[in-house]
Amino acid sequence: MIDEKLEDIYDDVLRRNPGEPEFHQAVREVFESLGVVVSKHPEFTREGVIQRLCEPERQIIFRVPWHDDEGRVHINRGFRVEFNSALGPFKGGLRFHPSVYLGTVKFLAFEQTFKNALTNMPIGGAKGGSDFDPKGRSDREVMRFCQSLMTELYRHIGEYTDVPAGDIGVGGREIGYLFGHYKRITNRYESGVLTGKGTDWGGALVRKEATGYGAAYFLEEMLRVNGTSLDDRTCIVSGSGNVAIYAIEKITQMGGRVVACSDSDGVIFDEKGIDLDLLKQVKEVERARLTAYAEARPDATYQEGGSIWDIPCQVAVPCATQNEISGRDARMLVSNGCIAVAEGANMPASPEAVRVFSQAGVLFAPGKAANAGGVATSALEMQQNASRDRWTFEHTELRLAKIMKGIHDACFETAETYGSPGDYVKGANITAFQRVAGAMIALGLV
Ligand code: GLU
């Protein structure tokens, strides 16, 4: 339920952003947590902070033309939504996926603003990307596309302005092409303009692993304060990209047994536990589909289509994409005995799924808290770039673990303070909102 003091503002958001249901969903979810805060702090509504928070500071949409290997011309659309820079330069990834439109980027940038605030690092919120589909494209095609995108994007970004990184469809290869072109156009080796760089040329160790590792750290802490652990737990991690692979790695190190993962075509079930070396070989080296995993591992079964959430588990870690857990999926998870869900992806649980989990008493870690380890490590990369330093893997992972514990504790304590113990959604939204809103008031009407 949205508090009546926020209803008019929400109606305005709907009116000003027609046809963008994911953005409406992300705003609504935050508003549902804020009733108690606006009652306590009338200055937030008086100063228009909430209205301002729902309007991006800047939105950029541009044409991205490129040639494929046969010489055919393609036109894609590029986006950058610079949502909020009260706490630091705009920061957030780029997503390359055919489903990307302004509403996707807006919802991700809105979420990112709160997520980044939770890290307690000096970073504002942004997101970008394109409806470009990298699937089946050669390295050269991806390079030409990245160069064309950067030919426009370079004028909007910078170490002190806006710092993009990866997201779905954008990993080390793409960041390399993007950085190379930025360097060429600007004639500046400005390492801090992008994060997720290769570790030989300014990238932070642990950045690749950070989102998945961070989600596992958050999950472990959430289970611990609730008197249990990952030990011997049957876990399911959806997806098979960067976030999923390293969530599986850390959960396995922590004693959990991950029995399933997925891609957009199907589901792998591997009762003995996912073979991580094979998964990395298939996804990171061969850039192949999960059918290749099943072919190489006779014990595993591959099911085309279907829902990964039908497989019984105690812990679910959705690491694929938004709204991947429907209300039906959530009911299935609950009836199969699931006790905890941690969102590795951005907004993977639909609003109905979140309600089902909460009514069933399932521990639920929202993405903006549980998956903040990626962007937090990006901020550590910026720190290393600014000081022209290079940290060890161990030191960086220790910093990540501390940050995740800090996020967990802040969410946990805020939920208690505001009368909703154990409600990590409220804890995350209120903590993040107070940090961003406090800075916005201090900076005046801008
Ligand atoms: N795209 C990632 C996220 O959702 C990482 C962003 C970044 O490192 O800037 O948080």
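The values are calculated or read from the model by the stated rules, or taken from the named source; none is laboratory data. As the structure is a computational prediction, the values presented were derived from the model and not from experiment. Ideal geometry is used to build each Cβ from the backbone, glycine not excepted, and the neighbour counts take in all protein chains shown. In case anyone asks, the SASA skips ligands and DNA or RNA and just uses the protein heavy atoms, side chains included. Shrake-Rupley method; radii C 1.70, N 1.55, O 1.52, S 1.80 Å.
Structure data summary
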item	result
Unmet criterion (only one of (1) assigned to a helix (DSSP H, G or I); (2) hydrophobic (A, V, I, L, M, F, W, C); (3) closer than 19 Å to Phe412 by Cα) for Val334	(3)
Which listed residue is of a type in the set (A, V, I, L, M) and within 13 Å of the ligand (Cβ to nearest atom), from Ala376, Ala360, Ala386	Ala376
Yes/no for Ala330 being open to solvent by less than 30 Å² (accessible area, probe 1.4 Å) and within 16 Å of the ligand (Cβ to nearest atom)	no
Test: residue in segment 391-400 that is open to solvent by 20 Å² or more (accessible area, probe 1.4 Å), of a type in the set (A, V, I, L, M) and without any contact (Cβ under 8 Å) to a residue 12 or more places away in the chain	yes
Filter pass, Arg297 being surrounded by 17 or more Cβ atoms within 10 Å (Cβ to Cβ), closer than 21 Å to Asp232 by Cβ and of a type in the set (Lys, Arg)	no
Pick from segment 417-443, criterion assigned to a loop (DSSP other than H, G, I, E, B) and open to solvent by 30 Å² or more (accessible area, probe 1.4 Å), ranking: farthest from Val30 (Cα to Cα)	Leu443
Any chance Asn346 is within 14 Å of the ligand (Cβ to nearest atom) and more than 29 Å from Ser33 (Cβ to Cβ)	no
In segment 245-256, the residues that are free of Cβ contacts under 8 Å to residues at least 40 places away in the same chain and crowded, with 20+ Cβ neighbours inside 10 Å	Ile245, Tyr246, Ile248
Segment 126-153, residues that are under 19 Å from Ala109 (Cβ atoms) and open to solvent by 10 Å² or more (accessible area, probe 1.4 Å)	Asp131, Glu152
Subset of segment 351-387 that is touching a residue at least 24 places away in the same chain (Cβ under 8 Å) and not in a helix (DSSP H, G or I) - its residue that is nearest to Val243 (Cα to Cα)	Asn371
Helices (runs of 4 or more DSSP H) lying entirely in segment 93-205 (those with 1 or more residues that are free of Cβ contacts under 8 Å to residues at least 60 places away in the same chain, touching a helix residue (DSSP H, G or I) at 6+ places or on another chain (Cβ under 6 Å) and within 16 Å of the ligand (Cβ to nearest atom))	172-186
Residues located in segment 66-92, provided they are in a loop (DSSP other than H, G, I, E, B) and among the acidic types (Asp, Glu)	Asp68, Asp69, Glu70
Odd one out for Tyr217 among (1) closer than 19 Å to Gln383 by Cα; (2) in contact (Cβ under 8 Å) with a residue 60 or more places away in the chain	(1)
Number of the exception - Phe83 against (1) in contact (Cβ under 8 Å) with a residue 40 or more places away in the chain; (2) away from the ligand (no atom under 16 Å from the Cβ)	(2)
Residues that are small (Gly, Ala, Ser) and surrounded by 24 or more Cβ atoms within 10 Å (Cβ to Cβ), drawn from segment 80-125	Gly92, Gly93, Ala109, Ala117, Gly124, Gly125
Matching residues, segment 7-57, being out of contact with any helix residue (DSSP H, G or I) (no Cβ under 9 Å at 6 or more places or on another chain), assigned to a helix (DSSP H, G or I) and closer than 17 Å to Asn84 by Cβ	Arg16
Output for segment 300-327, where each listed residue is open to solvent by less than 40 Å² (accessible area, probe 1.4 Å) and either of a type in the set (Val, Ile, Thr) or over 25 Å from the mean Cα position of the chain (by Cα) (or both)	Ala300, Ile308, Ile311, Val315, Val317, Ile325
Qualifying residue in segment 258-281 (condition: part of a strand (DSSP E or B) and surrounded by fewer than 16 Cβ atoms within 10 Å (Cβ to Cβ))	no
Selection from segment 337-359 of residues that are over 14 Å from Asp423 (Cβ atoms) and open to solvent by 50 Å² or more (accessible area, probe 1.4 Å)	Ile339, Pro351, Glu352
Condition check for Ser238: surrounded by 18 or more Cβ atoms within 10 Å (Cβ to Cβ), touching a Pro at 6+ places or on another chain (Cβ under 8 Å) and closer than 30 Å to Lys135 by Cβ	yes
Qualifying residue in segment 207-227 (condition: farther than 27 Å from Val267 by Cα and assigned to a loop (DSSP other than H, G, I, E, B))	yes
Boolean, Ser238 is farther than 30 Å from Pro65 by Cα and in contact with a Phe, Trp or Tyr (Cβ under 9 Å, 6 or more places away or on another chain)	yes
Matching residues in segment 263-294 - criterion: being hydrophobic (A, V, I, L, M, F, W, C), in contact (Cβ under 8 Å) with a residue 12 or more places away in the chain and farther than 19 Å from Thr234 by Cβ	Leu278, Val282, Leu290, Ala294
